[in-house]
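Below is one structure, written out as structure tokens; the observations come after it.
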Amino acid sequence: MNILQYLEETRPHRPLLPADPVKRARVREICEVISSGIQPLQNLVVLIYVGEERKKEWAQHWITRGFT
């Protein structure tokens with residue numbers, strides 16, 4: 001998120017976020033879900049623990065849960 005904010009602030013002529021405040025908030029919400037709710041559960045230690053055969057199932061579960 002910090003990189004996104006930096007680019008948004010330093011390159012106003014090429015915005016990454018929508019101009020509409022509601023749409024901009026939705027983009028930030030999705031980024032936060034990925035950053036806090038999905039990505040930490042996809043780290044290497046967890047995936048090794050889960051095992052190769054359950055890796056896809058584990059990822060799908062947390063991605064679905066994060067976006068619902």
Scanning the stretch 41-53 for residues that are surrounded by 12 or more Cβ atoms within 10 Å (Cβ to Cβ) and at pLDDT 75 or above, the one farthest from the chain's Cα centre (by Cα) turns out to be 50
Of the conditions (1) surrounded by 14 or more Cβ atoms within 10 Å (Cβ to Cβ); (2) of a type in the set (Gly, Ala, Ser); (3) within 12 Å of the chain's Cα centre (by Cα), the single one that residue 59 does not satisfy is (3)
Members of the stretch 1-25 found to be under 30 Å from residue 58 (Cα atoms) and surrounded by 13 or more Cβ atoms within 10 Å (Cβ to Cβ), listed by number = 4, 24
For the stretch 6-40, how many residues meet the condition of being modelled with pLDDT under 90 and out of contact with any Leu (no Cβ under 9 Å at 6 or more places or on another chain)?
-> 12
Any residue in the stretch 46-66 that is polar (S, T, N, Q) and touching a residue at least 12 places away in the same chain (Cβ under 8 Å)?
-> no
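The values are calculated or read from the model by the stated rules, or taken from the named source; none is laboratory data. These figures come from a predicted structure and were not determined experimentally. Note: ideal-geometry Cβ built from the backbone for every residue, glycine included; neighbour counts use all protein chains shown.
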